Amino acid sequence: MRFDILTIFPEMFASPFEHSILKRAREAGFVDINLVNIRDFAEDRRRMTDDYPYGGGNGMVMKPEPIVRALRDVEERRGKGKVILLSPSGKEFDQATAKRLSIEQHLVLICGRYEGVDERVRGAFVDEEMSLGDYILTGGEFPAMVIVDAVSRLIPGVLGCSESPEEESFSKDLLEYPQYTRPPEFEGMRVPDVLLSGNHAEISRWRRREALRKTLLVRPDLLEKADLSEEDKKIINEIKGRG
Ligand code: 9D3
């Protein structure tokens, strides 16, 4: 997967892609990340990338020319990709979106700044507009990093088999059950006996119950869409009954 990231702050991306799984994915050639400084495509002597909004109002708007020149340069050098504008007005990015994007060859991410981007860029050059969620950030740079991370790990070969995303679909509707590792007792807190029992059927039942309990408590909205068995529903009623 090729990513081109258009930003006026390419330095923000210095380290996030240089660790762990993403580092390995880049070294192995699964992921190729190219940073494009929008300011390099500004035409005026001051290299301005923003300007006052027509009609007045607070803040600045990103000028269309530098962004579109940068997009055309990317297309000439690296081919046509799917162009995504990161903006608080976009559709919310989620795991289904990450999956859909992971089968693309080439994504071009435009990081907005200030109050936004001139509407003519969106209208004529943007395929999709995406937000990370309903909170206000200073720009699209962190969202771009999140999208590269979430999409890259879904590209076949990027994760080793032990980290495989296979089983994510199995348990996607629920939050995870609690995990423990050694030591068996830490500052007076014991690992649940069932996990030390070696009884795999019982461990599976315990994990399902704990995942249901956690989801009911923290994300009851997930249970409405979840694919629950009759046994699951019985367990949920038990948990509810006990409070
Ligand atoms: C006045 C209205 N504001 C929109 C809620 C203006 C505004 C605030 C912050 C416009 C742009 C920004 C910068 N944010 C992003 O570019 C952004 C973002 C975000 O703020 N939250 C979640 N996802 C994203 S993706 C890009």
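The values are calculated or read from the model by the stated rules, or taken from the named source; none is laboratory data. Note that the coordinates shown come from a computational prediction; the quantities given were computed from them, not determined experimentally. Glycine gets a Cβ as well: all are built from the backbone with ideal geometry, and neighbour counts include every protein chain shown. These accessible areas exclude ligands, DNA and RNA; they are computed on the full protein's heavy atoms, side chains included. Shrake-Rupley method; radii C 1.70, N 1.55, O 1.52, S 1.80 Å.
Things to note:
- Residues satisfying the stated conditions in the stretch 91-123, i.e. more than 9 Å from the ligand (Cβ to nearest atom), open to solvent by less than 80 Å² (accessible area, probe 1.4 Å) and under 21 Å from M48 (Cβ atoms): I110, D118, V121, R122
- Test result for S152, modelled with pLDDT of 95 or more and among the small types (G, A, S): yes
- Index of the failed condition, E65 passing every other in (1) outside any helix (DSSP H, G or I); (2) open to solvent by 20 Å² or more (accessible area, probe 1.4 Å): (1)
- Members of the stretch 124-144 that are aliphatic (A, V, I, L, M) and open to solvent by less than 20 Å² (accessible area, probe 1.4 Å): M130, A144
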